[in-house]
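I have placed the structure first, in the form of C-alpha cells, so that the comments after it can refer back to it.
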Amino acid sequence: MAEGNRLVRAVGRWDLTALAVNGIIGAGIFGLPANAAILTGSWSPLACFLCACIVLMIVLCFAEVGSLFAGTGGPYLYAREAFGDPLGLVSGWMIWLARVTAFAANSNLMISFLGYFLPVVNNVWPRAIGLTLIAAFLAWINVRGVRQGAAVGDILAIAKIVPLLFFVVVGFFFVDWNRLELGPRPAFANMGQAILLYVYAFTGFEYAAIPAGEAVSPKKHLPGALLTALGIAALLYTGIQAVYVGTMSGYTHSQTALSDAGAHFLGAAGGGIIALAALASIGGNLSGMMLVSPRLTYALAQDGLLPSPLAALHARYRTPYASILLFGALTLGLAVSGTFAGLAQLSAVARIIPYMLTCLALPVLRRKFPSETDRFRLRGGYSVPAAAVMLCFWLLAQGKASDALAAGIALGVGFTLYLTTRLWSSEASGPH
C-alpha cells in the first residue's frame, strides 16, 4: 500500500499492451527469418506458429500470477513472494542485467539502421553522439513521468506494427505459393533450433508486468495485455516468415532479411520502409527497457536487497530517477565502449531463469492466496505450469557451459551487493 501511494498510477490497459509489444518485437525479427528458413525451409512458418503456442504456456503462467499483484517488480516480486529474498534477487537481478546489455546492443543497432539514411552516423564521433542522445532522451522522458514514458512507447508500438503489417499484407501479393508447399520434413534437430530461435524473439512480454505498481488496474488489465501482445506478435511473425519464404528464392544468413525481401518485391522503397520499421521497432524496444528496467532496481532497493539510494523518487514527478539515471549511464557506457559484447553470454540464461521461477511460483501462490476471487485462473490444474517449466529446462539445456559460467559470475556480483547492503543496513540500525 505504501508503494502504491508513492508511485503514480497512470499506466492504462493499452499502455501495458504497448509495453509488452515493445518488449517482444525488437530487433531480432529483422534478421531471424533468414536463419529460420535455412534450417527448415517451407516449414519455418509452422515452426514460428508452434513456438508461439509453446511460449503461450509461459505467458499464461504470467497472466495468472500477475493477476494477484499490484506492486512493482513483475517476476522479481512473484519469486520473492513465493520463495523469499534470495530467489527474488536472482529473478530481478538477472532480468535487469539482461536488459542492460540488450539496451547497449540495440542502441548500436539503431544507429546502424539510421546509417541507411544518414551514413555519417557510422563514423566514430557521430555514432557516440547518437548513442548519447538516445540514452539521454529516453532517460529524460522517463524521469519526467511514467505517463510520458508510456506515451512514447504507445507511439513507437504503433509505428512498428504498421510497416510490419504493410510488409505482410503487400508481400502476400508477391508470394510464390509453390515455395510454401511443405516438402520433406526437416530434421528434428533443425526444427528444434528454428523453434528456439523464435523463442528468443517472443521473449520480452514481462515488460508489462514489471511496472504494475504504476498501472491503473494491473490485476484486471495485465492478463489481457500479455495475451494480446503475444497474439499480435504471433500473427506478425508467422506472416513475416511466410512472406520471406514465399518471395525469396535463396536463403542466406542475413541480419537484414526483411530489408532484403522488401527490396526484392518493392524495390528500393521497400528497403527504406523496412529500415524505418526497424528504427521504430528498436526505438520502441529501447523505450520499453528504459521504462521497466529501472523499476527492477527500484523494487529491489525498496525491499532492502540493493542500496537504498536506488529507491529514491523524484520529488515532483514521483519517478525512480536514481535508478533511471543509473540505467541510462551504465547502458550508455557499455554502448559507446562496446564492452556489452563481452556480457552477451548472460542473455540466454538471464531470460529463462525468471520465466522458470514465475512458472514454479504459480502453484505456491495458488496455495498462498486461495481466496482471491478476481484473479485470472488457468484451467487444467498444474498441467500448464508443469509444461512451461519443462520448456524452460529444455531452453537452458540448449546453452553452453560458458553461458552458465557468465550467469554464475553475474549472480555472484548481485549477491555481493545484496550482502553488503544487508550488512550496511544492520550496522546503521544497530546500537551506537
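For P(r) over Cα pairs in 20 Å bins from 0, in percent, one of [x] 25, 57, 18, 0; [y] 27, 59, 14, 1, 0; [z] 23, 50, 24, 3 was computed from the structure I shared and the rest are decoys. Which label? Answer label, from the structure shown: [y].
Loop-located GluC sites (Glu not before Pro) in the range 126-215 (DSSP state other than H, G, I, E, B) with a sparse environment of at most 14 neighbouring Cβ atoms within 10 Å: GLU181.
Within a straight-line Cα-Cα reach of under 13 Å, LYS368 can be paired with the following aspartates and glutamates, leaving aside sequence neighbours fewer than 8 residues apart in one chain: GLU81. Please work out the Cα center distance from the range 248-270 to the range 296-326, rounded to the nearest Å. If you average the Cα positions of each part, the centres end up 44 Å apart. Karplus-derived 3J(HN,Hα) values for the range 192-204, using 6.51 cos²θ - 1.76 cosθ + 1.60 with θ = phi - 60°, are x, 5, 5, 5, 4, 4, 6, 4, 5, 5, 8, 7, x Hz; glycine and proline are entered as x.
Neighbours of ARG144, meaning other residues whose beta-carbon lies under 12 angstrom from its beta-carbon, give a summed charge of +3 when Lys and Arg score +1 and Asp and Glu score -1. By other beta-carbon atoms within 10 Å, ranking PHE113, PHE265, PHE69 with the fewest at the front produces PHE265, PHE69, PHE113. Ranking of LEU396, LEU411, LEU131 by neighbouring Cβ atoms within 10 Å, starting from the fewest: LEU396, LEU411, LEU131.
Bear in mind these aren't lab numbers, they're just calculated from the coordinates by the rules spelled out. In this text the structure is predicted, and so the values were computed from the model without any measurement. Because the Cβ atoms are built from the backbone with ideal geometry, glycine has one as well, and the counts that use them run over all protein chains shown.
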